[in-house]
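Handing you a structure now.
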Amino acid sequence: MNPITSLMRLLVALVVVFGLLLGLRWYLLRRVTSLSATPVGLLRVRERVWLSGRMQAVVLEVGEESFLVCTTDHAVQVTPLAKLPPLSPVDHTDQPNFATHLEHMFTFLRQGGKR
């Protein structure tokens, strides 16, 4: 096989792979920002904590009321909560760009996974 042909096939494959990675990154970033938008409906999940693989605690807001909902595989427990203070708006301006995040990841891996 001609080395020039092999090189061209390699370059085309690299362009396709990096194009797919950038497309996936764009899709995920768009999806994450759309999920963090203010909900319009009456029911809102304020906080969710996974206690184990199949157990979770969720703070739900229904209108003006708040509930603590604990779920397992076999049971659901709902406890009304006192009125919770409103959430402060989330500021996304301090999030690093992709290049900074990637550099932090490489530094973390070079240090053997230790901070």
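Bear in mind these aren't lab numbers, they're just calculated from the coordinates by the rules spelled out. Bear in mind that the values here come from a model prediction, so they are computed numbers and not experimental data.
State the extension gain, in nm to one decimal, for the chain segment bounded by residue 6 and residue 50, taking 0.36 nm per residue of separation less the distance between their alpha-carbons.
Working: separation 44, 0.36 × 44 = 15.84 nm, distance 4.94 nm.
Roughly 10.9 nm would be gained on extension.
Give me a comma-separated list of calculated 3J(HN,Hα) values for the range 57-70, in order, Karplus coefficients 6.51, -1.76, 1.60 applied at θ = phi - 60°, integers in Hz, x for any Gly or Pro.
My calculation for the range 57-70 gives 10, 10, 9, 9, 10, 10, x, 9, 9, 10, 9, 9, 10, 10 Hz in order.
Residue by residue through the range 18-31, which ³J(HN,Hα) values in whole Hz follow from phi under the Karplus form 6.51 cos²θ - 1.76 cosθ + 1.60 (θ = phi - 60°), with glycine and proline marked x?
So the Karplus estimates, Gly and Pro as x, are 5, x, 5, 5, 5, x, 5, 4, 4, 5, 5, 5, 5, 5 Hz.
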